[in-house]
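Undergrad: Let me give you the structure first, and then I'll get to my questions.
The values are calculated or read from the model by the stated rules, or taken from the named source; none is laboratory data. Bear in mind the structure is a predicted one, so any value in this text is a computation, not a measurement. Ideal geometry is used to build each Cβ from the backbone, glycine not excepted, and the neighbour counts take in all protein chains shown. Accessible surface is based on the protein model in full, side chains and every heavy atom, while ligands, DNA and RNA are left aside. Shrake-Rupley method; radii C 1.70, N 1.55, O 1.52, S 1.80 Å.
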Amino acid sequence: MLKLRNALQHRLLEAVAQALPLPAAVDFPLEPATKPEFGDFQANGAMGLAKVLGRPPRQIAQVVVDHLQVDDLCHPPQVAGPGFINFTIRPEVLAAEVEERLDQPRLGVPMAQPQQPVVVDFSSPNIAKEMHVGHLRSTIIGDCIARLLSFRGHRVLRLNHLGDWGTQFGMLIAHLHHVAPRSLSGREQVDLGDLVAFYRQAKTRFDEDEAFQEHSRREVVKLQAGEPESLGAWRLLCQQSRQAFQAIYDRLDVQLVERGESFYNEALPQVVEELEKARLLVVDDGARCVFLQGMTGKDGQPLPLIVQKRDGGYNYATTDLAAIRQRLASPDAGGEGAERVIYVTDAGQSNHFAAVFQVAQRAGWVPTGCRLQHVPFGLVQGADGKKLKTRSGATIRLRDLLDEAVDRARHDLVERMAQEQRQGEEDFIAQVAETVGIAAVKYADLSQNRTTNYQFSFDRMLALQGNTAPYLLYAYVRIQGIARQGGSLVAAASPICLQAPQELSLARQLLSFDEVILEMEQDLLPNRLCAYLFGLSQTFNRFYDQLPVLKAPDQSRPTRLALCRLSAETIRLGLGLLGIKTIDRM
Ligand code: ARG
């Protein structure tokens, strides 16, 4: 409806200018109607002008309506309530829009103007540590944001800010000396198997054995000095973690470019130097830090952001500062040339990013027009409202979590097929189970407002009813079923003629896809798109349950088939932006 809304808005402003004695152009916004009874759009500007003009708002609304020329687009606008103006688009105008959209792969969504180079920093797990559900959330939400922005035409660089550096590597390399010494000289290929278990063993040893602690410290120093053997060991550890992460990304169909923390090592001294030059650096108790403005501790004193520790080591924040410089620097200077950088992490890191962004700003590293943005999300909780754990209390491995979703999806499918006395090849079952299981996990996450905590429940996410992936996929499958029963969806087209209320409401819902996408881009809330797709699927199901399609009278069949086709395309594109694949049968 974007096009219609813009056209109406334009005419509305013209009418306002003619109808009212205003010194300058005023805002008279047109919004989507809050309820279907009010039509398609409403304008509430009269209320705001009542004071300025000293006239009752209803009277103002009426003069505006008297000057409005919109007969070609809508029914005569109505003044309602205290002074709203309601607009209802004519069915033939909606029909023309539907016809036009049938030929548009973008389904009415315009390309962004201007198109920006954007970095989306997401997923970003840590080497040799658990890739936990928080990283899963970042991966799913970040991927969705990246897909959305690319679809809008922005140049998106998807960066995995892997935690691949830090003092924990001393301990890991020391442990490697004990369990697989030959791997260190590269004389032996080792498969460390479960790196998380490896990490745990190393940590236990570290906590218990003083000699091992000493050894670990020496290894850190050697690694930082770039000794070939240490670097080799570090690479080996990274390589093995990387494989485990990649398996998850492949399964989730998520693309990422690895740009781990280690990438910024060489730039760290320079970050500190520049902060010094910008006169932001203060030495406090041996540590070099920047005192933050407007961020105070419990004692009311400004908090420091430590960029270099007493022992000379750098930390997470220093690396993020170096990363900001790199991402915003122009390509000529070897940078990414981004104009917007989006960080998708849990809300627990909000203060970290606020601090880092502030320091980057004060250091003059953020060119005007560039934007750094933290996109936070809440925790993933179990049914008990606590942090998600296995029954035995251990953290859940992502692989196991995805396996379980797929197993359950498979179980549901097999049961349904038995009930319906359907036969299915093993290939078919495996493919549907994988798609539905992964879709359910992603959708459950995306359909929640990301800023709140969300309760993980296999039962809920896999239900065939409600705001779930299976429900949406099923609506799509029903439409493919129509095509299989001989209703050629491709040939379905003009002339479209919308008459039945179910046809009209489905058409309206289909046409608002473009607005939803722009809204979602505004606040980067994928749940908006989910809510829309759920509503659309419900409207489609009502339409399809209440009106014949294949057996419709000749004058209605093409229209209904066209609405089916556009519904399928909208669901497919919408789910695609969420990173969810559709299937033709289930
Ligand atoms: N590795 C971090 C973690 O596991 C997330 C990194 C987010 N990105 C960043 N540029 N700091 O919490």
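Undergrad: May I ask you to say which residue of 290, 254, 282 is within 16 Å of the ligand (Cβ to nearest atom), at pLDDT 90 or above and open to solvent by less than 70 Å² (accessible area, probe 1.4 Å)? Break it down into steps so the answer makes sense when it comes.
TA: Values: 290 fails: within 16 Å of the ligand (Cβ to nearest atom); 282 fails: within 16 Å of the ligand (Cβ to nearest atom).
From the options 290, 254, 282, the qualifying one is 254.
Undergrad: In region 353-386, what residues are modelled with pLDDT under 95, within 15 Å of the ligand (Cβ to nearest atom) and not in a loop (DSSP other than H, G, I, E, B)?
TA: Passing the criteria: only 380.
Undergrad: Scan region 238-293 residue by residue and report those that are in contact (Cβ under 8 Å) with a residue 40 or more places away in the chain and of a type in the set (Gly, Ala, Ser).
TA: Result: 241, 244, 247, 260, 262, 267, 278.
Undergrad: Let me ask something additional. For region 138-176, what are the residues that are more than 14 Å from the ligand (Cβ to nearest atom), open to solvent by 30 Å² or more (accessible area, probe 1.4 Å) and in a helix (DSSP H, G or I)?
TA: 147, 150, 151
Undergrad: Of the residues that sit in region 120-157 and are small (Gly, Ala, Ser) and at pLDDT 95 or above, which one is farthest from residue 399 (Cα to Cα)?
TA: 153
Undergrad: Hey, among 345, 368, 390, which residue is within 30 Å of residue 270 (Cβ to Cβ), free of Cβ contacts under 8 Å to residues at least 12 places away in the same chain and not aliphatic (A, V, I, L, M)? Working first, answer last.
TA: Values: 345 fails: free of Cβ contacts under 8 Å to residues at least 12 places away in the same chain; 390 fails: within 30 Å of residue 270 (Cβ to Cβ).
Being within 30 Å of residue 270 (Cβ to Cβ), free of Cβ contacts under 8 Å to residues at least 12 places away in the same chain and not aliphatic (A, V, I, L, M) holds for just one of 345, 368, 390, which is 368.
Undergrad: Right, here's the next one. Can you name the residue in region 304-352 that is of a type in the set (A, V, I, L, M), in a helix (DSSP H, G or I) and within 26 Å of residue 282 (Cα to Cα) and, of all such residues, is nearest to the ligand (Cβ to nearest atom)?
TA: Looking only at region 304-352, we keep the residues that are of a type in the set (A, V, I, L, M), and these are 305-307, 317, 321-324, 328-329, 333, 338, 341-342, 344, 347.
From the residues that got through so far, the ones that are in a helix (DSSP H, G or I) too are 317, 321-324, 328, 333, 347.
Imposing the further condition that a residue be within 26 Å of residue 282 (Cα to Cα) reduces the set to 317, 321-324, 328.
Numbers: 317: 9, 321: 10, 322: 10, 323: 6, 324: 9, 328: 13 Å.
Residue satisfying both the conditions and the ranking: 323.
Undergrad: Could you list, in sequence order, the residues of region 178-219 that are modelled with pLDDT of 90 or more, open to solvent by less than 50 Å² (accessible area, probe 1.4 Å) and more than 15 Å from residue 127 (Cα to Cα)?
TA: Matches in region 178-219: 212, 213, 215, 216, 219.
Undergrad: Select, from 555, 522, the only residue that is assigned to a helix (DSSP H, G or I) and surrounded by fewer than 19 Cβ atoms within 10 Å (Cβ to Cβ).
TA: Details: 555 fails: assigned to a helix (DSSP H, G or I).
Answer to the check: 522.
Undergrad: Here are 364, 369, 312, 382: which of them is of a type in the set (Gly, Ala, Ser) and open to solvent by less than 20 Å² (accessible area, probe 1.4 Å)? Step through it out loud before you land on a result.
TA: On the way: 364 fails: open to solvent by less than 20 Å² (accessible area, probe 1.4 Å); 369 fails: open to solvent by less than 20 Å² (accessible area, probe 1.4 Å); 312 fails: open to solvent by less than 20 Å² (accessible area, probe 1.4 Å).
That would be 382, the only listed residue that is of a type in the set (Gly, Ala, Ser) and open to solvent by less than 20 Å² (accessible area, probe 1.4 Å).
Undergrad: Looking at region 254-296, which of the residues that are under 32 Å from the mean Cα position of the chain (by Cα) and part of a strand (DSSP E or B) is nearest to residue 126 (Cα to Cα)?
TA: 258
Undergrad: Still on this structure, please answer the following. Answer yes or no as to whether residue 15 is open to solvent by 20 Å² or more (accessible area, probe 1.4 Å) and of a type in the set (A, V, I, L, M, F, W, C).
TA: Details: open to solvent by 20 Å² or more (accessible area, probe 1.4 Å): no; of a type in the set (A, V, I, L, M, F, W, C): yes.
Judged against the criteria, residue 15 is not a match.
Undergrad: Which count do you get for residues in region 114-127 that are more than 10 Å from the ligand (Cβ to nearest atom), in a loop (DSSP other than H, G, I, E, B) and surrounded by 24 or more Cβ atoms within 10 Å (Cβ to Cβ)?
TA: 0
Yes/no per residue for (1) closer than 27 Å to residue 3 by Cα; (2) in contact with a Leu (Cβ under 9 Å, 6 or more places away or on another chain); (3) open to solvent by 60 Å² or more (accessible area, probe 1.4 Å); (4) modelled with pLDDT of 95 or more:
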site	(1), (2), (3), (4)
475	no, yes, no, yes
509	yes, yes, no, yes
527	yes, yes, no, yes
530	yes, yes, no, yes
546	no, no, yes, yes
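Undergrad: Here are 131, 47, 111: which of them is open to solvent by 60 Å² or more (accessible area, probe 1.4 Å) and assigned to a loop (DSSP other than H, G, I, E, B)?
TA: Working: 131 fails: open to solvent by 60 Å² or more (accessible area, probe 1.4 Å); 47 fails: assigned to a loop (DSSP other than H, G, I, E, B).
After applying the criteria, what remains is 111.
Undergrad: Residue by residue through region 532-583, note down the ones that are of a type in the set (D, E, K, R) and closer than 19 Å to residue 442 by Cα.
TA: Filtering region 532-583 for residues of a type in the set (D, E, K, R) gives 542, 545, 551, 554, 557, 560, 565, 569, 572, 581.
Passing the criteria: 572, 581.
Undergrad: Here is a further query. Somewhere in region 438-446, is a residue touching a strand residue (DSSP E or B) at 6+ places or on another chain (Cβ under 9 Å), open to solvent by less than 60 Å² (accessible area, probe 1.4 Å) and not in a loop (DSSP other than H, G, I, E, B)?
TA: As a first pass, look at region 438-446 and keep what is touching a strand residue (DSSP E or B) at 6+ places or on another chain (Cβ under 9 Å): 444-445.
Among the residues that remain, those that are also open to solvent by less than 60 Å² (accessible area, probe 1.4 Å) are: 444-445.
From what's left, not in a loop (DSSP other than H, G, I, E, B): 444-445.
Yes; the residues of region 438-446 include at least one that is touching a strand residue (DSSP E or B) at 6+ places or on another chain (Cβ under 9 Å), open to solvent by less than 60 Å² (accessible area, probe 1.4 Å) and not in a loop (DSSP other than H, G, I, E, B).
Undergrad: Could you tell me whether region 229-246 includes any residue that is closer than 22 Å to residue 326 by Cβ, touching a strand residue (DSSP E or B) at 6+ places or on another chain (Cβ under 9 Å) and not in a helix (DSSP H, G or I)?
TA: No, region 229-246 contains no residue that is closer than 22 Å to residue 326 by Cβ, touching a strand residue (DSSP E or B) at 6+ places or on another chain (Cβ under 9 Å) and not in a helix (DSSP H, G or I).
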